[in-house]
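See below for the structure under consideration.
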Amino acid sequence: MLKPINILLVGVGGQGTILATRVLAKAAQDAGYDIKVSEIKGMAQRGGSVVTQVRLGEKVYSPIISQGGADVILAFEKMEALRWLSYLKPDGHMIVNDQAIPPVPVLTGAAVYPTDCLARVKQAATHTIVVDALNIAIGCGNPRAANVVLIGLLARRLPIAKDTWLQALRARVPEKFLDVNLKAFEKGYAL
């Protein structure tokens, strides 16, 4: 019996966090898992924080992940990784896109973007993988595919067959962007 796996996806509006969640949910559902999803968008359209909680397993009763309960945090931006670090289990895995997107208070000068985000995350999370998903996506032909690079990296760590992930991408990504996203997934999966 598979205990529920708790995955927190965190990023900034416009990074494709919601699409990544929908691909993950489709792959998990097609693999036969019970799945629950909770999306918190807030001010996402204005570059604010986007958080989705995904729980999958043989039987899942709630979509909510408590602090210290995430098996994996998939962070699309490094300050978001730091912001949500308290949700990671002590032996959990942190996957971080090495990208900084300054929030509005930083842009207006009211706050300062922490320069030590990754160092603090790595110090607290033993199992941390940092990847330059943006540059990998650019190499695939579209910087907006960074989210799918990260999904590819996550896919290697979950009990879902690669073909199931590819089918989920085909079902959730618009046809005109599919080739780039399939390349991005393969690059992430190979990491």
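Descriptive notes on the structure:
- Of the residues 96, 112, 130, 104, the single one that is surrounded by 22 or more Cβ atoms within 10 Å (Cβ to Cβ) and over 19 Å from residue 183 (Cα atoms) is 96.
- Close pairs from region 169-181: first over 15 Å from residue 150 (Cβ atoms), partner open to solvent by less than 20 Å² (accessible area, probe 1.4 Å) and part of a helix (DSSP H, G or I), Cβ under 8 Å, at least 6 apart: 170/178; 177/145; 178/169
Every residue, every condition in (1) hydrophobic (A, V, I, L, M, F, W, C); (2) touching a residue at least 24 places away in the same chain (Cβ under 8 Å); (3) over 17 Å from residue 152 (Cα atoms); (4) in a loop (DSSP other than H, G, I, E, B), yes or no:
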{"site": "7", "(1), (2), (3), (4)": "yes, yes, no, no"}
{"site": "38", "(1), (2), (3), (4)": "no, yes, yes, no"}
{"site": "59", "(1), (2), (3), (4)": "no, yes, yes, yes"}
{"site": "62", "(1), (2), (3), (4)": "no, yes, yes, yes"}
{"site": "72", "(1), (2), (3), (4)": "yes, yes, no, no"}
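- Number of residues in region 157-181 that are open to solvent by 40 Å² or more (accessible area, probe 1.4 Å) and over 13 Å from the mean Cα position of the chain (by Cα): the value is 13.
- Residue match in region 85-93 (condition: open to solvent by less than 30 Å² (accessible area, probe 1.4 Å), in contact with a Pro (Cβ under 9 Å, 6 or more places away or on another chain) and either part of a helix (DSSP H, G or I) or of a type outside the set (Val, Ile, Thr) (or both)): no
- Residue match in region 126-146 (condition: hydroxyl-bearing (Ser, Thr, Tyr), out of contact with any helix residue (DSSP H, G or I) (no Cβ under 7 Å at 6 or more places or on another chain) and farther than 21 Å from residue 25 by Cα): yes
- Of the listed requirements (1) more than 25 Å from residue 135 (Cβ to Cβ); (2) part of a loop (DSSP other than H, G, I, E, B), residue 102 misses just one: (1).
- Residue, modelled with the highest pLDDT, within region 122-157, restricted to residues that are touching a strand residue (DSSP E or B) at 6+ places or on another chain (Cβ under 7 Å) and assigned to a loop (DSSP other than H, G, I, E, B): 125
- Those residues of region 142-156 which are open to solvent by 60 Å² or more (accessible area, probe 1.4 Å), closer than 17 Å to residue 177 by Cα and touching a residue at least 12 places away in the same chain (Cβ under 8 Å), in sequence order: 144
- Within region 5-49, being crowded, with 19+ Cβ neighbours inside 10 Å, over 17 Å from residue 151 (Cα atoms) and at pLDDT below 95 holds for 44, 49.
The values are calculated or read from the model by the stated rules, or taken from the named source; none is laboratory data. What you are looking at is a predicted structure, and each value in this text was computed from that prediction instead of being measured. Glycine also receives a Cβ, built like all others from the backbone with ideal geometry; neighbour counts cover every protein chain displayed. Note: accessible area is taken over every heavy atom of the protein model, side chains too, but ligands, DNA and RNA are not part of it. Shrake-Rupley method; radii C 1.70, N 1.55, O 1.52, S 1.80 Å.
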